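Okay, structure first, notes after.
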Amino acid sequence: MRKIQILREQVNSNDDIWNELSNVAIQHFFPTNNDLLDELSIFVLYFNEMESGGHEAVLNWTQERIETFGFNNYLHVLSTTLEKIGAPTLADVERKLAPLYWSLYHQLEAGEIDEEPFYEVIEQADKAYFELNEHFRTLVINYFLSIYEQVFEIV
């Protein structure tokens, strides 16, 4: 990956790094054909949508990208990244529940099932995420601090 040039004053604080990496992730939607950008994009979209509306929001806003990237690829990158940042329990929950809520989401969208089975699984997955609460934000910033120099060439 060719690094993105950025001025040192743009990454002076943890908040600056958070904002700049979030901007890169939003500008480079997966699939990008770059492992690090795919990881960053998937993770940032997951985090942002989880914070705004939980797993249902993740599905609503990323369904097409997941289908283009391939569900199994998406789940692998997401769960591997969750493990990498220090959230292995959440990674396990995603590995277990994502295939269920992904299938149920499509069935619900097609009108093949009532919404109750879908929301039962979504609630379990959301609960696992929100149990991490503020601790997850610390994991996110630590992840950003660990990768920002791989993404940016600081000038």
Worksheet item: Residues in the stretch 28-36: is at least one among the aromatic types (Phe, Trp, Tyr), within 22 Å of Val151 (Cβ to Cβ) and modelled with pLDDT of 95 or more?
Response: no
Worksheet item: So how many residues does the stretch 110-155 have that are surrounded by fewer than 11 Cβ atoms within 10 Å (Cβ to Cβ) and either part of a loop (DSSP other than H, G, I, E, B) or β-branched (Val, Ile, Thr) (or both)?
Response: 5
Worksheet item: Where residues in the stretch 71-109 are open to solvent by 60 Å² or more (accessible area, probe 1.4 Å) and polar (S, T, N, Q), which of them is modelled with the lowest pLDDT?
Response: Thr89
Worksheet item: Does the stretch 9-17 contain any residue that is modelled with pLDDT of 95 or more, more than 25 Å from Glu149 (Cβ to Cβ) and among the charged types (D, E, K, R)?
Response: no
Discussion item. Going residue by residue through the stretch 33-56, is there one that turns out to be open to solvent by 40 Å² or more (accessible area, probe 1.4 Å) and part of a loop (DSSP other than H, G, I, E, B)?
Written reply: yes
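The values are calculated or read from the model by the stated rules, or taken from the named source; none is laboratory data. As the structure is a prediction and not an experimental result, all values here were calculated from the model. Glycine also receives a Cβ, built like all others from the backbone with ideal geometry; neighbour counts cover every protein chain displayed. Only protein heavy atoms, including side chains, enter the accessible area calculation; ligands, DNA and RNA are left aside. Shrake-Rupley method; radii C 1.70, N 1.55, O 1.52, S 1.80 Å.
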